[in-house]
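The values are calculated or read from the model by the stated rules, or taken from the named source; none is laboratory data. Keep in mind it's a predicted model, so treat the numbers as computed, not measured. Here the Cβ is made from the backbone with ideal geometry for all residues, glycine too, and neighbour counts use every protein chain on show.
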There are 2 protein chains.
Amino acid sequence: MDPDTLQETLRLAQESQRVLTTRIGQRDYLRFSHKFQCFPEGTVVFGPQFIWGYPKIGRILRLDPGLQAQFGQAFWVEEKIDGYNVRLFRHGDEVLALTRRGYVCPFTTDRLQDLLDLRIFDERPELVLCAEVAGPENPYNEGSPPFIQEDVQLFIFDLMRQNCPGFLPQREKLQLLEAYSLPGVPGFGRYRAGDLTAIDSLVCRLDQEGREGLVFKEDSSRDHRVKYVTGRINLSDIHVSEGSFQQLPPEYFLHRIFRLALFLDEHELAPTAALYQELGRSLLAGTLDAIHQYQAQHKVCHTFRCRFRRRANAELFLQTLEHLLGKGQVREHRLEQRGDFYHLEFAKVLPRATGLLGHALGGGIVFD
Amino acid sequence: MDPDTLQETLRLAQESQRVLTTRIGQRDYLRFSHKFQCFPEGTVVFGPQFIWGYPKIGRILRLDPGLQAQFGQAFWVEEKIDGYNVRLFRHGDEVLALTRRGYVCPFTTDRLQDLLDLRIFDERPELVLCAEVAGPENPYNEGSPPFIQEDVQLFIFDLMRQNCPGFLPQREKLQLLEAYSLPGVPGFGRYRAGDLTAIDSLVCRLDQEGREGLVFKEDSSRDHRVKYVTGRINLSDIHVSEGSFQQLPPEYFLHRIFRLALFLDEHELAPTAALYQELGRSLLAGTLDAIHQYQAQHKVCHTFRCRFRRRANAELFLQTLEHLLGKGQVREHRLEQRGDFYHLEFAKVLPRATGLLGHALGGGIVFD
């Protein structure tokens, strides 16, 4: 889009209160806190550079007839990785990583040199790399893929260009990832809705391996996308989020039970006693754990660990997170150098669980 | 309260759109759809007769320190029965039963002669009897107390007077119930917060028997009330509501898991594999059942059975329910005379589960 149109739309968005000035460390920039016209939430503006927000992808709950209903043409099939969404872009001499909501992430930015070869930005500085960062040592998600044993890894799934909506075509993306030896999400090739048996086998394999699911991208100019997750990931999601009870919207749990039931039914898997037990334990054990935490320390927290290259970035990360979550909601437990890394351990306070348990355990009354 | 004040407050409530004209069969009356000043939601007005709505009672989630925190003086302890709340009052030559929200209930009204001795209204026509109706053959609740094997029973827990807020004192209530041989809720006597051990034993016995819980009523002019439920009823509630997934607010399930965890912790009951399994099954099996129902009949329903004295009341009941739930949402399966009763079997369609399953099983996409 031409610079005048971009700046004019930005001005209208600012008038409509959809844009906030955001400061991370020494950096000031504009961030769309809400969707406005062609800009999704999470779009950011660094002077003349517009980095489009990553759009939401709808979900089908059944492969059959979901694929048939959604796709008139062939589509690419890629793995959906259980991590957090980032967009990487060149800004002056640096490459910055943005979260889904458009915050510069001091953790991801610090670790880019370990996660991918950044030379692509020397030759193609206009590109924006859309990727998932996943692994047990990440500062945002409690869950992570079973095939990553430590730290984090990065998996690119889309390329965009600065100042442009939309993605590069799949074939161009694959060529660029290969040419620059960049890590892409696992791709399973090109299918049609009629290839249901093959796709179903793939889904069942991912389910058994505890992986999250698939993203389908139509091989056409409309680039229609849809996601589908395994049954297993719903159980894992409930399990890892148990400690965050009250913090997540209550639909979080019910949606996952609903998806799990639809998955079992579509794949003709009768639920076992072990599955029932795992589901019940996932829901109840985390709540009991939160009660015990409150009794021991008068708050409910969740602990995260991650490693940084530079101490200053670890400190900026904690400061940024506290600014976002509120004063006193982030507690540094440890920051120590081991080899080339600074290992950070910190806790996020879960204010709703803390408040509710304080009230309930203090003998307060609730109305419902 | 004096008639002029009542009518003047009613007029203000009508101006504020808190009052609706309600027609059940041939009866027209006014009903408070929302709280207004001293009138709770569910207050009804039949000409000069004002029947106060039944107030909400707050819940403690721990006996200790809940009782200590809530009660400065002795309190009465009564059983909380798992049914639906009604208010009975004399109107002309009839006695009518109102639901919590203030609808005249054609089912309960039809069955009053079987549920209690109505002579109290001959001598004390100004009284309003507040009671729970419970049992497996009721048209509203999926669950019912384990000690009722068939049909329904009625349990009085409070007495009010027409045109007056507040309840009669506990001793006066007990005397009247005895004098007129009326069925009251089981009462366990008068306690103080220091009698925690005795109350705790009582709660544990109710829990083992699958009963719902207790209501505490302070023996003082402020008449402060608080309720407390057993761990077991939370599991039962989740189990009986499984078929109604999507229909109930999502908090319904999470609140019960939270209460169950607090109960287990307070009573030092470690959760067992059987408990986890029961919880998981309760949540998942009902969702699977709803999927199978939708696949078989393109809708998700819940079936109820209840018995009437008069056929016309069964018909009025179905007509009233359909008016409240929407056209096509109630389906009569069977209405047949057996002995002195007309046995009705009907189904309520669960529109949200039906809509969501139609969308998901049809291959539609959802955003979340």
TODO: Go through the range B:247-266 and give me each residue that's modelled with pLDDT of 95 or more and either of a type in the set (Asp, Glu) or over 27 Å from the mean Cα position of the chain (by Cα) (or both).
DONE: B:Asp265, B:Glu266
Open item on the list: If I filter the range B:162-177 for residues that are part of a loop (DSSP other than H, G, I, E, B), over 22 Å from B:Gln73 (Cα atoms) and among the aliphatic types (A, V, I, L, M), do I get at least one hit?
Closed with: no
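Out of B:Pro139, B:Pro125, I need the residue that is more than 14 Å from chain A (Cβ to nearest Cβ) and surrounded by fewer than 16 Cβ atoms within 10 Å (Cβ to Cβ). Which one?
That would be B:Pro125, the only listed residue that is more than 14 Å from chain A (Cβ to nearest Cβ) and surrounded by fewer than 16 Cβ atoms within 10 Å (Cβ to Cβ).
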Open item on the list: If I filter the range B:199-258 down to residues being among the acidic types (Asp, Glu) and part of a helix (DSSP H, G or I), which single residue comes out as farthest from the other protein chains (Cβ to nearest Cβ)?
Closed with: B:Asp207
Open item on the list: For the range B:320-340, which positions are among the small types (Gly, Ala, Ser) and either surrounded by 13 or more Cβ atoms within 10 Å (Cβ to Cβ) or over 23 Å from the mean Cα position of the chain (by Cα) (or both)?
Closed with: B:Gly328, B:Gly339
Open item on the list: When you check A:Val152 against the structure, is it in contact (Cβ under 8 Å) with a residue 60 or more places away in the chain and of a type in the set (A, V, I, L, M), yes or no?
Closed with: yes
Open item on the list: Contact list please: Cβ distance under 8 Å, first residue in the range B:117-130 and without any contact (Cβ under 8 Å) to a residue 60 or more places away in the chain, second residue assigned to a loop (DSSP other than H, G, I, E, B), pairs at least six apart or on different chains.
Closed with: B:Glu126/B:Gln162; B:Glu126/B:Asn163; B:Leu127/B:Gln162; B:Leu129/B:Leu116; B:Leu129/B:Leu182
- [ ] Out of the residues in the range A:294-309 that are within 17 Å of A:Pro351 (Cβ to Cβ) and in contact (Cβ under 8 Å) with a residue 40 or more places away in the chain, state the one that is farthest from the other protein chains (Cβ to nearest Cβ).
- [x] A:Phe304
Task: Hey, B:His239 farther than 22 Å from A:Gln246 by Cβ and either assigned by TED's automatic domain parsing to the domain that holds B:Gly187 or surrounded by 15 or more Cβ atoms within 10 Å (Cβ to Cβ) (or both) or not - done: yes
TODO: Give the range A:258-287 a look and list any residue that's surrounded by fewer than 18 Cβ atoms within 10 Å (Cβ to Cβ) and farther than 17 Å from A:Glu142 by Cβ, or say none.
DONE: A:His267, A:Glu268, A:Leu269, A:Ala270, A:Thr272, A:Ala273, A:Ala274
TODO: Scan the range A:49-61 for residues that are farther than 23 Å from A:Pro146 by Cβ, surrounded by fewer than 19 Cβ atoms within 10 Å (Cβ to Cβ) and within 14 Å of chain B (Cβ to nearest Cβ) and report the count.
DONE: 3
Task: Residue that is nearest to B:Asp151 (Cα to Cα), among those in the range B:86-108 that are touching a helix residue (DSSP H, G or I) at 6+ places or on another chain (Cβ under 7 Å) and of a type in the set (Val, Ile, Thr) - done: B:Val86
Open item on the list: If I filter the range B:29-39 for residues that are closer than 30 Å to A:Gly362 by Cα, touching an Asp or Glu at 6+ places or on another chain (Cβ under 7 Å) and among the hydrophobic types (A, V, I, L, M, F, W, C), do I get at least one hit?
Closed with: no
TODO: Tell me which residues, restricted to the range B:265-274, are in contact with a Leu (Cβ under 8 Å, 6 or more places away or on another chain), under 24 Å from A:Leu275 (Cβ atoms) and at the interface with chain A (Cβ under 7 Å from one of its Cβ atoms).
DONE: B:Pro271
Task: Hits in the range A:64-93 - residues which are over 26 Å from A:Val240 (Cα atoms) and either under 23 Å from the mean Cα position of the chain (by Cα) or more than 12 Å from chain B (Cβ to nearest Cβ) (or both) - done: A:Gly72, A:Gln73, A:Ala74, A:Phe75, A:Trp76, A:Val77, A:Leu88, A:Phe89, A:Arg90, A:His91, A:Gly92, A:Asp93
Open item on the list: Anything in the range A:353-367 that is more than 14 Å from A:Ala296 (Cβ to Cβ), at the interface with chain B (Cβ under 8 Å from one of its Cβ atoms) and part of a helix (DSSP H, G or I)? List them, or say none.
Closed with: A:Leu356, A:Ala360
- [ ] Would you be able to tell me the number of residues in the range A:259-277 that are more than 29 Å from A:His292 (Cα to Cα) and touching a residue at least 40 places away in the same chain (Cβ under 8 Å)?
- [x] 5
TODO: Taking the options A:Arg119, A:Arg111, name whichever one is charged (D, E, K, R), out of contact with any Gly (no Cβ under 9 Å at 6 or more places or on another chain) and closer than 21 Å to A:Ala347 by Cα.
DONE: A:Arg111
- [ ] Those residues that are more than 30 Å from A:Pro125 (Cβ to Cβ) and either touching a residue at least 60 places away in the same chain (Cβ under 8 Å) or exposed (fewer than 14 other Cβ atoms within 10 Å of the Cβ) (or both), I need them from the range A:158-197; list them, please.
- [x] A:Phe188, A:Gly189, A:Arg190, A:Tyr191, A:Arg192, A:Ala193, A:Gly194, A:Leu196, A:Thr197
TODO: Kindly check whether there is at least one residue in the range A:340-352 that is closer than 19 Å to B:Ala261 by Cα and either more than 14 Å from chain B (Cβ to nearest Cβ) or assigned to a helix (DSSP H, G or I) (or both).
DONE: yes
Open item on the list: Between B:Thr287, B:Thr320, which is among the β-branched types (Val, Ile, Thr), assigned to a helix (DSSP H, G or I) and within 14 Å of another protein chain (Cβ to nearest Cβ)?
Closed with: B:Thr287
Open item on the list: Whether any residue in the range A:2-17 is modelled with pLDDT of 95 or more and in contact with a Lys or Arg (Cβ under 6 Å, 6 or more places away or on another chain) is what I want to check.
Closed with: no
